[in-house]
1. Compute the separation of the alpha-carbon centres of the stretch 3-35 and the stretch 49-87 and state it in Å as a whole number.
2. Net charge within 13 Å of GLU34 by Cβ-Cβ distance, Lys/Arg positive one each and Asp/Glu negative one each, not counting GLU34 itself?
3. Assigning unit charges at the beta carbon (Lys, Arg +1; Asp, Glu -1) and nothing else, what dipole magnitude in debye, to the nearest 20, does the chain show about its Cα centre?
4. If you average the sequence gap of Cα pairs under 8 Å that are 6 or more apart and divide by the length of the stretch 23-73, what percent do you get for the contact order?
5. Evaluated at 4 °C with a viscosity of 1.567 mPa s, what Stokes-Einstein diffusion coefficient in µm²/s does the chain have when Rh comes from the Kirkwood expression over alpha-carbon pairs?
6. Would you list, by chain and number, the aspartates and glutamates whose Cα falls below 15 Å from the Cα of LYS2, excluding same-chain residues fewer than 8 positions away?
7. Each residue of the stretch 38-45 in order: what ³J(HN,Hα) in whole Hz does its phi give by Karplus 6.51 cos²θ - 1.76 cosθ + 1.60, θ = phi - 60°, with x for Gly and Pro?
8. Sequence gap at least 6, Cα distance under 8 Å: using those rules, report the relative contact order of the stretch 1-95 to the nearest whole percent.
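Nothing in this text is a laboratory measurement; each read-out follows from the coordinates by a stated rule. Predicted, not measured: the structure shown is a model, and the values here were computed from it. Ideal geometry is used to build each Cβ from the backbone, glycine not excepted, and the neighbour counts take in all protein chains shown.
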Amino acid sequence: MKKTLLAEFTAREGAEAEVARMIGDYALKVREEEGNIAFDVYTKAAHPRAFWIFEVYRDEDAFQAHLNAPYGGPFNAALTPLIEEDASVLTFLDPLAMKP
């Protein structure tokens, strides 16, 4: 079963350009991961310091491989002082079962 989530965080005032650069570089690496299906980065139209990342992985094993990638820890350590939250807020999503 696919692993789907939304990661959210808010860049501190004045840090949005640096955060955008960092997340853009990080996205290129994540998209190369074997089990990554999507890693789409958005900002909220009405609040451009608010970043939303829609992530989809092949399965739980692919998600765990993503969490253990060697560039993840350094990215998060560099991101933390640039955002308002203590860390990215993760919301895990399940597909809606649609009846025909």
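1. 7
2. After counting each charged neighbour, the total is -1.
3. Details: 10 positive and 17 negative charges, 53 e Å.
Dipole of the chain, to the nearest 20 debye: 260 debye.
4. RCO, the stretch 23-73: 31 percent.
5. 91
6. GLU33, GLU34, GLU55, ASP59, GLU60, ASP61, ASP94
7. 8, 8, 9, 9, 10, 10, 6, 3
8. Reported relative contact order: 45 percent.
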